Every structure is written in structure tokens, then in C-alpha cells.
Amino acid sequence: MGKLSTGAKVAIFVAIAVLVFGGVFLGITLTKNVGKSEQEITAEDASKQMEKMLSEIKVTDVPARKAAITDEDILDEEQELPDIKNYPLSVTGTGELNIEIYSSPEKAGSGTDGWLNEVAENFNASSQQVNGKSATVSIRSVSSGLAVDYIRTGKYKPQALTPSNEFWGKMVESSGVEITMKKDRLVGNVAGVLLSKEKYNSILEKYGSVNMKVISECTASGELQMGYTNPFISSTGLNFLVTTLYSYDADDLLSSKAVDGFKQFQENVPLVSYNTMQMRKSAESGSLDAFVMEYQSYYNDPTLKNDYVFTPFGARHDNPMYAVGTLSADESKLLDLFCDYCLNSESQELAKKYGFNGNEKYKSELPKDISGDKLIKAQKLYKENKDSGKPIVAVFVADTSGSMSGESINALQTSLINSMQYINNDNYIGLISYNSKVFCNLPIAKFDLNQQALFKGAVQDLSATGQTATYDALLVAIDMVNKSLKEHPEAKPMIFLLSDGEQNNGFGLNDVSGIISNYQIPIYSIGYNANIEALKRVSEINEAATINADSEDIIYQLKNLFNSEM
């Protein structure tokens, strides 16, 4: 073959470029909506599509069976708690004398949350001694609420505790456990409300200032879409709850005036998040104007600093240090040494790099004498009044396919039956299960003692076999909830999907995501040793949380979810 002319070479090059570009463009066009519905659909289209799909799904009614409700169904608080191995040490001390310290995650986590870990590593490397013995510390990152539960029940007691704020120490003391404050501050931090710049400016212009009283009033009146975190496990969430109650009655956070104000406020709160991640995603989607966060986390996120204004509230989060129980003289001396090391100039300069010690001029808006007993009562008040008298309509969707057999189905049954105690009895609850088929195990009804007995029997009778038609089951659950809402239009709808995340039968996510989005029912997914990414995708459609748990901590996780949502 003769040599190609320059013109021919150029023509071939251009042809190849066109083909490559065309291929890339086509690929992008075909794949850009993978994991999403093919197109946005109207409410009318969603209704028609769901009706058509439901006509193809056979639902088998399972006869209801009552099971007696006994004290044996209820695990004690210690049994509910996960094994401590689920929260491994972030720093391991190896000295002849060593103490373990529970720390809140924002200072004993990873990356920009690792200040206390770095300080502890430096301390352990500094050849400290107590009475001639090498002295070190171990750090375990545990959320403040969980740490308190471990200590209060006696299941796992460290020698020391450093939560985000003093509330948790007061609650431990109120439970009768000996606890002694060593330092009221290791490192400075503040809780705050993050308001979008647009919303902040509009509130400032209208009210002349932005503070918690104004934020509470704007939320109660519907001017502001506000979200906060679960006050049973989150320091910021608990601080926000207490501050909100005090904004309605500065003399008594438990007064009827405070409770009535909180009910009005809560009626217009679209989201109390199971965790910060869920709240952040809701804010990113534009469904929240404001949400809560500690300043240290805000400082370390350039996007948040650019898009939101930080308004401090409530008690300071100055990370106190407590001795837990009766320490030996040497252990007490070691804890004092470590506190002093945390407070030296080098450690405090390091803290600034991690985002701590900002907002130093801010002083607590709350009285110092709030007792642990009052804080516990405030949590109970939240649980009883968070839905402002509105019931919840919820369907539990239980995966009973073959991949759930053994440990996973056993954990599902145990956790659901134990968690019945955390579902308010004025809610309306139903249960369906699925493998390659869909079963209605319990129609939706008010969760009184009769429904509780039927629910327990239905859960006990679940068995795992066959394939997995997850999205068929979710369509049936959406239909059940919608029909119940016609009878209870004031109710708040929810679905809880309990699964290992696999799906290999029936409709797929692409088939149903437009329908799920249109009906706007939050689908909380609870993974049992799960393919968690698959569960996240379905929960994120309507901004619900996903819990990734193994069979050893699902009971505690479900308890916290229901305290937050049910």
C-alpha cells in the first residue's frame, strides 16, 4: 500500500476524532442518570406508574398471630449496648501505668478531628513517669451519649471521660455513678446554628439581630426550615433542645410554658436527624435553611464557611475532663499529668490548627446550675412531644430472603421486638416482609397493646429463604402508607427498610426511584451486615438516614433511631 497523502491523514484523523467524541458524548448521555430515575415524573404519572407496577406484584396476606408481651421481651440497658470492640482504641498506651479515656469523636476521630489523638501520642512518647513507673494513656472515640450509657450501666467503665460539654458529666452524676471533674476545659469549642447567607441576611434585616430566640420564633412561624441532631446521642442536639426550651421560659426549661413553646417550634421542624451526615445531605439538597454544628467542624469545611453564617448558641463545648469512679492515687496523678499536657502551649497551638479555640469571647447563654436530672427529663420531654401531638404512620419492611438467614434474621427479630418499647403507642404501625414475593404480615393499625402483640407475633414468625424483591416490597409499603394517610391526614409518614442491601428479583431502583421521590415518604434503611451503598441510595432519595450496623450493635442503633423518629 502506498503512503497516504497529508490530506488523507488529516481526513482520517478528523474522522477518528469525530467517532471518539461521538462515543464519549453518547456514553455520557447514556450513563449520566445511572442510579437515578430516567426522568422527573409528575404526581399523576407517579400514581399511574405505581398502579401499573402494583398490578404486577402479588401480595400474600399472612394470618396475624398474637404473642404475649412480657418483660422477657425487653432487654435491660446493659444488654442493649454494643460490644466495646465496635469502638476500637484510637490511641493505645503501653506504659506500666495506663488509663483509658473515653473521648467525644470531634477530637478523637480521624483527619481534622484528631487533636486529642495527636496530643495523646505526643504524651505517650514523652517518657512520663508516675512513682517510677512509665505512664501512658489510651483513647477511645465514643459519642458522648453512648459513653454515658456505658458508664451509667457499668458495662464498660474507663478511668476518665472527656465529652463535648458538661451536660453528660451531670447526667452520669445524676445516675449515681461517682464522677469527678478534673478540668472544666481541655480545649475550646462552641455549638452553633448554620444559616444560609441569604436566610441570615433576611432575618437580620427583619428582626435586627440573629440569636436563638429569633431563630426559635422564625422556626415556629414557618419562616425558617430548621434541622437538628438527636438529643439522646448528640451533644449539639441536646444543647439545642435545652436552649430552645429556655428560649420559651428562661426560669424553667420544664415548665408548661416551655413545653407549649417547644411543641409549636417542633411542629415546623422538618428534620431531627439521626446523625450529622443525614442533616448535611438535607441542607445540601436545599430542604433546610439552617442546621446545627460545632464550630470546629464548620471551621474545617471551606464549603460551609462560604455558604453559611455561624451563630453560636447555648452552653459552651469546652470539652471537660472527668475521673470516673474511684481512681488509685497513681491513676489520679497520671490523669492530672495528661490534663496539664493537653493545656500546655504546644498542645493548645495544635488545637487551633484543628479548628478549636475559636469564638473565645462567646459566653454560655444557659445557667450553670442545670442538673443532670433536668437534662434527662428534657430528653424525655423531647421524646413525648417531638411530633407535637401528630401521630406517625409507619411500615416496617423486613427482608426475609435467603441471604438474611442465620445471624442477620435473628438480629432483625431481636432488635425489632426490643425496640417496640421506643415506639409511642399513638402511632400507626404495619409490617410487610419479602423474599422473591411480598407478604403483608400486619396491616397498619394504632400501636396499642393489641397491635403490639400482633406485631411481636408477626416478627417472631419471620423466616429467611428465597430471592430478594426489595423494590416490589417498597412499592407495596408506599401504597399501604398512602391509604392509611387518607384516614389519618394529619400523620407523618415513614418507612423502615430492614435488609442486607442485596436485590436480585422484581423491579429495580431505576424503575421506582421517581415514584419514591414523588411520594416524599422518608425511607430509613437499617443494614444488617449489609451492602450499605445500595441502602444509602434508596434512603437518600427522600433524605432519610441509613444505619450501617452489624448484628452486635443493631439493637442500640435501632433504639436511638426510634427515640429520634418514633
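Quick rundown of the values:
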item: Sum of -39500 (n - 2.57) over DSSP H runs of 4+, divided by residues of the chain (222 nm, nearest 500); result: -13500 deg cm²/dmol
item: Translational D in µm²/s for segment 459-548 (Stokes-Einstein at 37 °C, 0.692 mPa s, Kirkwood Rh from C-alpha pairs); result: 241 µm²/s
item: The chain - percent relative contact order, Cα under 8 Å, separation 6 or more; result: 19 percent
item: Cα-based reach from LYS133 at 16 Å (exclusive), listing aspartates and glutamates while leaving out same-chain residues under 8 positions away; result: GLU96, ASP330, GLU331, ASP336
item: 18 Å Cα-Cα reach of LYS257 towards lysines, excluding residues that sit fewer than 8 places from it in its own chain; result: LYS213, LYS374, LYS377, LYS380, LYS383, LYS386
item: Separation of alpha-carbon centers, segment 317-382 and segment 445-486, rounded to whole Å; result: 45 Å
item: Å² of accessible area per residue within the chain, as computed with a 1.4 Å probe and no ligands counted; result: 43 Å²
item: Environment charge at ASN425 (Cβ cut-off 12 Å; Lys +1, Arg +1, Asp -1, Glu -1); result: -2
item: Whole-percent carbon and sulfur share, accessible surface of the chain, 1.4 Å; result: 49 percent
item: Scattering curve values for segment 309-435, log₁₀ I(q)/I(0), Debye with Cα scatterers, q = 0.13, 0.14 Å⁻¹; result: -0.94, -0.96
item: By accessible area with a 1.4 Å probe, ligands and nucleic acids excluded, highest first: order of SER403, SER415; result: SER403, SER415
item: Span from the segment 181-259 Cα centroid across to the segment 92-169 one, whole angstrom; result: 29 Å
item: Rounded if a/c under 1.5, otherwise prolate or oblate - segment 68-200, Cα gyration tensor axes; result: oblate
item: Nearby lysines by direct alpha-carbon distance to LYS536 (threshold 24 angstrom, same-chain neighbours under 8 apart not counted); result: LYS32, LYS36, LYS281, LYS437, LYS492, LYS559
item: Ratio of the Cα radius of gyration of segment 292-384 to 2.2 N^0.38 Å, where N counts its residues; result: 1.41
item: Quotient of C-alpha Rg and 2.2 N^0.38 Å, computed over the chain; result: 1.09
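The values are calculated or read from the model by the stated rules, or taken from the named source; none is laboratory data. None of these values were measured; they are calculated from a predicted model. When we count neighbours, we look across all protein chains shown, and the Cβ atoms used for this are built from the backbone with ideal geometry, even at glycine. Only protein heavy atoms, including side chains, enter the accessible area calculation; ligands, DNA and RNA are left aside. Shrake-Rupley method; radii C 1.70, N 1.55, O 1.52, S 1.80 Å.
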